[in-house]
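Chemist: Here it is, the structure in full.
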2 protein chains.
Amino acid sequence: MPHTHDPADCPGCAAPDLAFARHDHAHCASDALARAEVICAEVGARLTPVRRRVLEILLEQHQALGAYDVLNRLASEGYGNQPPVAYRALEFLVEQGFAHRIQRLNAFTACMHPGEAHAPAFLICRVCSAVSEAAATPVRAALDTAAAGVGFVIERSTIEALGLCPQCREAA
Amino acid sequence: MPHTHDPADCPGCAAPDLAFARHDHAHCASDALARAEVICAEVGARLTPVRRRVLEILLEQHQALGAYDVLNRLASEGYGNQPPVAYRALEFLVEQGFAHRIQRLNAFTACMHPGEAHAPAFLICRVCSAVSEAAATPVRAALDTAAAGVGFVIERSTIEALGLCPQCREAA
DNA sequence: CTATGTATGTGATACTATAACATGTCAAGG
DNA sequence: CCTTGACATGTTATAGTATCACATACATAG
């Protein structure tokens, strides 16, 4: 049941460090899914069963999953079990902005802010593998400035950081 | 013949947009190689024939080469022709800071500033495939700020941008 | 109903990367 | 000198990631 999204109402959205903070993940996930459905309806994209299921799988945790991890899940649930099945669904989700590819991990993670224009940076914990989508507007601005200085026009950017999340840092 | 490196003396170093600017590439490449030799001597690392040759190959152009591209070159010149040969040499070069891995391309490019501490950002032209190592200190600072805001400690960062270099932009 | 575009199924293959173990090389210490 | 140990390379095999190409199904507009 899609519902209007009020960030103030959403424990997940309220925290910028979503992936690293305790939060109502069921809400967080169902909300992202609902927003994806709304966006698809608006733009006429088709959130088919496989695509929807892949998004659900990605939304289960704040980590990145490899295409073959996704594929194994799909296969065990009766969907196709050939690589293109997973890759095509993932490609669709990335195109629509419902998921992001994490270059460093050759893996994919659900987008926590579908529909909102954003230049994301990803914070990847090397211990617990949590992936957090950080606000990167200033980062992207600095990158644009550096590029503009040499006459380069940026079309897509990849900003990823590997390190320790607050919890794992404290544990160490 | 190794020589002392004076940036003011180096047409390459003078331009921040090295890869995109016309420059004395022979000088640019031989200089980077010479600096790598000096650094190896200083830290006791061994720039063996394969490693040196791989660095020379990477230095031939301001583009990124895949491990298998490098391997093919090596094989055609009588070095080993198994993947580990290339991967080990590339790993050494990256560890020593003589080369960088471009995550987006699964490829490697020679470092234009070996020995100088730098948090590089890479500008990748999608048309001519040139890769430029841009000054990214402000970018990295913005990223550190964003990470610190959520208590995340960055250990390694990947900052890459895909787009159009000045030449290709003009041509389009 | 059927033509068309889009999505999926499927087999094969290409590309990227590492494990594991054998062999070679070189320099320091006996 | 020679041995020993650390590092580098050679080689086989295999793991992991991604795409091609073609067949089939499915939904919707005309």
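The values are calculated or read from the model by the stated rules, or taken from the named source; none is laboratory data. In this text, all values refer to a predicted model and were calculated from it rather than measured experimentally. When we count neighbours, we look across all protein chains shown, and the Cβ atoms used for this are built from the backbone with ideal geometry, even at glycine.
Chemist: Just checking, which of B:Ala110, B:Ala142, B:Ala161, B:Ala136 is more than 7 Å from chain A (Cβ to nearest Cβ) and not basic (Lys, Arg)? Let's see the steps before the verdict.
Modeler: On the way: B:Ala142 fails: more than 7 Å from chain A (Cβ to nearest Cβ); B:Ala161 fails: more than 7 Å from chain A (Cβ to nearest Cβ); B:Ala136 fails: more than 7 Å from chain A (Cβ to nearest Cβ).
On inspection, the qualifying residue turns out to be B:Ala110.
Chemist: Cβ-Cβ below 6 Å, separation at least six or inter-chain, first residue in segment B:140-159 and under 15 Å from A:Ala130 (Cβ atoms), second of a type in the set (Val, Ile, Thr): which pairs?
Modeler: As it stands, the answer is B:Ala147/B:Ile154, since those pairs meet every condition given.
Chemist: When residues of segment B:73-103 are filtered for being within 10 Å of DNA strand C (Cβ to nearest atom) and free of Cβ contacts under 8 Å to residues at least 40 places away in the same chain, how many remain? Walk me through how you get there before you give the answer.
Modeler: Residues of segment B:73-103 within 10 Å of DNA strand C (Cβ to nearest atom): B:82-88, B:90-91, B:101-103.
If we keep only those that are free of Cβ contacts under 8 Å to residues at least 40 places away in the same chain too, we end up with B:82-88, B:90-91, B:101.
The number of residues fulfilling the criteria is 10.
Chemist: Follow-up question, since we're still on this one. I need the full set of residues from segment B:45-72 which are of a type in the set (A, V, I, L, M, F, W, C) and either surrounded by fewer than 17 Cβ atoms within 10 Å (Cβ to Cβ) or away from DNA strand D (no atom under 13 Å from the Cβ) (or both), in order please.
Modeler: First pass over segment B:45-72, keeping only residues of a type in the set (A, V, I, L, M, F, W, C): B:45, B:47, B:50, B:54-55, B:57-59, B:64-65, B:67, B:70-71.
Within segment B:45-72, B:Ala45, B:Ile57, B:Leu58, B:Leu59, B:Ala64, B:Leu65 qualify.
Chemist: Between B:Asp17, B:Asp24, which is modelled with pLDDT under 95 and within 14 Å of chain A (Cβ to nearest Cβ)?
Modeler: On the way: B:Asp24 fails: within 14 Å of chain A (Cβ to nearest Cβ).
Of B:Asp17, B:Asp24, the one residue that is modelled with pLDDT under 95 and within 14 Å of chain A (Cβ to nearest Cβ) is B:Asp17.
Chemist: Further question: Could you check how many residues of segment A:73-104 are within 10 Å of DNA strand D (Cβ to nearest atom) and either aromatic (Phe, Trp, Tyr) or surrounded by fewer than 20 Cβ atoms within 10 Å (Cβ to Cβ) (or both)? Walk me through how you get there before you give the answer.
Modeler: Looking only at segment A:73-104, we keep the residues that are within 10 Å of DNA strand D (Cβ to nearest atom), and these are A:82-88, A:90-91, A:101-103.
In the following step, the residues that additionally are either aromatic (Phe, Trp, Tyr) or surrounded by fewer than 20 Cβ atoms within 10 Å (Cβ to Cβ) (or both) were identified as A:82-85, A:87-88, A:91, A:101, A:103.
Total meeting the criteria: 9.
Chemist: Looking only at segment B:120-148, filter to residues that are over 18 Å from A:Val153 (Cβ atoms) and touching a strand residue (DSSP E or B) at 6+ places or on another chain (Cβ under 8 Å); which one of those is surrounded by the fewest Cβ atoms within 10 Å (Cβ to Cβ)? Before you say what the answer is, go through the steps one by one.
Modeler: Within segment B:120-148, the first condition is being over 18 Å from A:Val153 (Cβ atoms), and the residues that meet it are B:120, B:137-138, B:140-148.
Among the residues that remain, those that are also touching a strand residue (DSSP E or B) at 6+ places or on another chain (Cβ under 8 Å) are: B:120, B:140, B:143-144, B:146-147.
Numbers: B:Pro120: 21, B:Arg140: 21, B:Leu143: 27, B:Asp144: 17, B:Ala146: 22, B:Ala147: 23.
Per the criteria, the residue is B:Asp144.
Conditions (1) assigned to a loop (DSSP other than H, G, I, E, B); (2) over 16 Å from the mean Cα position of the chain (by Cα), marked per residue:
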position	(1), (2)
B:Ala19	no, no
B:Ala26	no, no
B:Ala29	no, no
B:Ala32	no, no
B:Arg35	no, no
B:Ile39	no, no
B:Ala45	yes, yes
B:Val50	no, yes
B:Val54	no, no
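Chemist: Here's another thing I want to ask about it. Has segment A:105-119 got at least one residue that is surrounded by fewer than 18 Cβ atoms within 10 Å (Cβ to Cβ), at pLDDT 95 or above and farther than 18 Å from A:Ala19 by Cβ?
Modeler: Within segment A:105-119, one or more residues are surrounded by fewer than 18 Cβ atoms within 10 Å (Cβ to Cβ), at pLDDT 95 or above and farther than 18 Å from A:Ala19 by Cβ.
Chemist: Of the numbered conditions (1) more than 15 Å from DNA strand D (Cβ to nearest atom); (2) crowded, with 16+ Cβ neighbours inside 10 Å, A:Glu42 fails exactly one; give the number of that condition.
Modeler: (2)
Chemist: To continue, here is another question. For segment A:25-58, which positions are within 13 Å of DNA strand C (Cβ to nearest atom) and closer than 14 Å to A:Ala110 by Cβ?
Modeler: Restricting attention to segment A:25-58, the residues satisfying the condition of being within 13 Å of DNA strand C (Cβ to nearest atom) are A:40, A:43-55.
Result: A:Leu47, A:Arg51, A:Arg52, A:Arg53, A:Val54, A:Leu55.
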